[in-house]
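Data block below; observations after.
The values are calculated or read from the model by the stated rules, or taken from the named source; none is laboratory data. Worth saying up front: this structure is predicted, and the values here are computed from it rather than measured. Cβ placement follows ideal geometry from the backbone for every residue including glycine, while neighbour counts extend to all protein chains displayed. For accessibility, only protein heavy atoms count, side chains too; no ligands or nucleic acids. Shrake-Rupley method; radii C 1.70, N 1.55, O 1.52, S 1.80 Å.
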Amino acid sequence: MFEILKINSQRPEKCFIQKAVKIIKKGGLVAFPTETVYGLGANALDKNAVRKIFKVKGRPLDNPIIVHIAKIEDLNLLARNIPKDVKILVQKFWPGPLTFVLFKKNAVPDEVTAGLKVVAIRMPKNKIALEMIKKAGFPIAAPSANLAGRPSPTFARHVFEDFGSKIDLILDGGRTKIGVESTVVDLTVKPFQILRPGGISFEELKKVLPDLRLHPSLLDGTFKGKSKSPGMKYRHYAPKASLILVNPIRDSKKWDKVQKGRISNGVEGKEQVLRIQNLIKKYQKQNKKVGVLSSFETKRFYQQADLVLISGSRKNLEQIAQNLFKILREFDKQKVDIILAEGVPEKGIGFAIMHRLKKASQG
Ligand code: TXA
Ligand code: MG
């Protein structure tokens with residue numbers, strides 16, 4: 001029988017963890033919080049359980065799933081030919097929002113990797129997730145706990161919105177901290193490549209891996225090229241409304257001007273606001289209900305819009321990342337037809353934010 005259990009994120013109740021583990025051992029599905037987004041977990045070594053994940057999400061069968069571990073030693077259980085750089089990456093970033101793609105061992109079912117010879121592995125930084133994996137005694141395969149194509153869940157209620165009682169259990173550990181998914185790095189090529197930007201920034205990784213590259217599909221900014229992370233070719237993170245991403249500000253100096261409230265002088269900031277104002281008029285004339293995904297600083301410029309939701313302060317990209325998916329879902333609840341979204345600078349976690357917004361705007 002389906003259940004949602006509120007669980008303490010600092011000291012997870014043992015009885016709730018046990019309940020989750022019991023379900024997972026029987027081949028069931030448990031949604032649980034990680035530091036990035038909620039995951040939909042199953043025993044990674046049980047192919048039938050993994051098949052259930054694809055079915056309930058409506059996930060295309062060629063999109064592989066990340067395996068979550070709680071002990072570094074488990075890397076050797078799942079992967080082979082592990083490059084030596086993994087040691088320092090693990091020391092610096094695990095547990096945390098960084099996923100490695102490595103050559104897989106036979107123990108990993110083909111269902112998990114969608115037939116690929118490589119497997120994606122990460123250690124989440126969340127006590128509930130770590131306790132559950134440890135108590136289970138086997139790794140847990142978990143994609144984000146949303147219907148395929150929908151924005152990832154950052155609250156337990158988002159998981160319930162998408163699946164209702166079609167899964168066995170939701171562990172409600174409150175909102176997730178980071179709000180965008182992990183960074184996926186392919187360690188099977190030289191130089192290593194980022195396949196998906198995420199919670200650990202390109203800049204941070206470069207400090208440890210100076211040769212690190214972005215996968216070519218990330219370079220042109222459209223993300224439409226052939227991707228090595230098979231999932232990336234699908235429309236993603238998408239609300240039901242059409243999303244139009246407006247005038248991303250690339251130059252961080254100009255962005256700083258906008259921050260200081262001098263929007264009329266910050267040329268690109270002004271352009272962005274003016275374009276959104278024009279688009280509000282244009283779509284309202286077409287009788288569309290128009291929402292704006294705004295920053296705190298620019299909200300006052302969009303009074304004509306039908307709905308303005310604030311993702312956070314322009315001074316705090318982490319805050320914008322944390323709120324992003326929740327707000328995309330909120331626009332759907334309020335049934336807007338068009339979302340006009342302010343772009344952010346593609347630095348730090350801003351790169352992951354822009355990646356999700358661009359993906360959400362496709363299709
Ligand atoms: O933060 C996260 O990574 C969250 C939490 C739950 O851990 N998980 C997550 O999973 O975002 P999902 O399935 O929504 O996205 C996984 C991404 C997809 O783009 C997928 O194609 C890629 O990782 N991926 C998984 N296994 C892969 C593999 N073997 N080779 C290449 N890419 C892989
Ligand atoms: Mg996902």
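Do the alpha carbons of any pairs in K104/K315; K22/K240; K6/K71; K166/K282; K19/K71 sit beyond 30 Å of each other, and which pairs? Violating the 30 Å Cα-Cα cut-off are K104/K315; K22/K240; K166/K282.
Across all Cα atoms of the chain, the radius of gyration (one decimal) and Dmax (whole number) stand at 20.5, 62 Å.
Note that the stretch 167-175 has calculated 3J(HN,Hα) couplings of 10, 8, 7, 10, 8, 8, x, x, 5 Hz, one per residue in order, obtained from phi through the Karplus relation 6.51 cos²θ - 1.76 cosθ + 1.60 (θ = phi - 60°); glycine and proline are x. What fraction of the DSSP beta bridges in the chain is antiparallel, stated in percent and rounded to the nearest 5? Within the chain, antiparallel bridges account for around 40 percent of the total.
Taking Rh as the Kirkwood radius computed over C-alpha pairs, what is the Stokes-Einstein D of the stretch 82-228 at 20 °C in a medium of viscosity 1.002 mPa s, expressed in µm² per second? In µm²/s, the coefficient is 127. If you plug the beta carbon distance of L219 and C15 into 1/(1 + (r/R0)^6) with R0 = 51 Å, you get a FRET efficiency near 0.55. Against the empirical curve 2.2 N^0.38 Å, the C-alpha radius of gyration of the stretch 1-62 lands at a ratio of 1.18.
Put a plus charge on the Cβ of each Lys and Arg, a minus charge on the Cβ of each Asp and Glu, and nothing anywhere else: the dipole of the chain about its Cα centre is then about 240 debye. Ordering R300, R196 by accessible surface, largest first, gives R300, R196; the 1.4 Å probe counts only protein heavy atoms, with every chain in place. What the Cβ-Cβ distance of E203 and D85 gives, at R0 = 25 Å and to the nearest 0.05, is a FRET efficiency of 0.90. The largest accessible area among S242, S182 belongs to the first residue in S242, S182, and the rest follow in falling order (1.4 Å probe, all chains).
Helix 267-285 against the longest principal axis of the chain: what's the angle in degrees, Cα atoms only, rounded to the nearest 10? Approximately 90 degrees, to the nearest ten.
The length gained by stretching the chain between F296 and Q284 to full extension, at 0.36 nm per residue less their Cα-Cα distance, is 2.0 nm.
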